[in-house]
Amino acid sequence: MAKKGDTWQLICGTKILGTLTYRTVDQPTFHCDFSPTPDFAAIAPLFAAELNSLNAHRMDQWEKDYQKIDALGLRLVPIGAAPEIEEFLLHIEGNTAWFRW
């Protein structure tokens, strides 16, 4: 189980897109601070689109939008003692990320 301060790198292929640092949990969602790298800018519009459809309760569109994110093969790679996360649903908005696994 994750604990406050656990950290993961968001990775796509060989690129580090950012770092997530666990802040709090609202089961089943883990809330993190997100520190993007410059490489994240290329996929940031995908996360903006999926959040827009999710917040508008357009679930058919949200599924299409999230499939584009899922197709990237993103990984959350633990730093230090953080648990490894193999399957997750991730949202990112600005410097905040939240995920379920």
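Within the stretch 59-74, the set of residues being over 16 Å from ALA42 (Cα atoms) and either part of a strand (DSSP E or B) or basic (Lys, Arg) (or both) comprises just one member, LYS64. Can you tell me which residue is nearest to the chain's Cα centre (by Cα) among those in the stretch 1-19 that are part of a loop (DSSP other than H, G, I, E, B) and under 22 Å from LEU72 (Cβ atoms)? Out of the qualifying residues, it is GLY13. The single residue among THR24, THR7 that is surrounded by 12 or more Cβ atoms within 10 Å (Cβ to Cβ) and of a type in the set (S, T, N, Q) turns out to be THR7.
With respect to PRO78, is the statement that it is surrounded by 14 or more Cβ atoms within 10 Å (Cβ to Cβ) and not aromatic (Phe, Trp, Tyr) true?
Taking the combined requirement at face value, the residue satisfies it.
Within the stretch 79-92, the residues that satisfy the criterion of being under 13 Å from the mean Cα position of the chain (by Cα) and in a strand (DSSP E or B) are ILE85, LEU89, LEU90, HIS91, ILE92. Considered as a group, the residues in the stretch 81-101 that are without any contact (Cβ under 8 Å) to a residue 40 or more places away in the chain and more than 20 Å from ASP26 (Cβ to Cβ) include one that is surrounded by the most Cβ atoms within 10 Å (Cβ to Cβ), and that residue is GLU84. With respect to (1) hydroxyl-bearing (Ser, Thr, Tyr); (2) out of contact with any Lys or Arg (no Cβ under 7 Å at 6 or more places or on another chain); (3) in a strand (DSSP E or B), the lone exception for TYR22 is condition (2).
What number of residues within the stretch 34-65 are farther than 18 Å from GLY13 by Cα, of a type outside the set (Gly, Ala, Ser) and surrounded by 14 or more Cβ atoms within 10 Å (Cβ to Cβ)? Of the residues in the stretch 34-65, 7 are farther than 18 Å from GLY13 by Cα, of a type outside the set (Gly, Ala, Ser) and surrounded by 14 or more Cβ atoms within 10 Å (Cβ to Cβ). When ASP6 is tested against (1) within 13 Å of PHE99 (Cβ to Cβ); (2) in contact with a Lys or Arg (Cβ under 7 Å, 6 or more places away or on another chain); (3) among the charged types (D, E, K, R), only condition (2) is not met.
Within this structure, LEU46 passes the test of being of a type in the set (A, V, I, L, M), over 12 Å from LEU20 (Cβ atoms) and outside any loop (DSSP other than H, G, I, E, B).
Values in this text are rule-based calculations from the coordinates and carry no lab data. In this text, all values refer to a predicted model and were calculated from it rather than measured experimentally. Cβ: placed from backbone, ideal geometry, glycine included. Neighbour counts: every protein chain shown.
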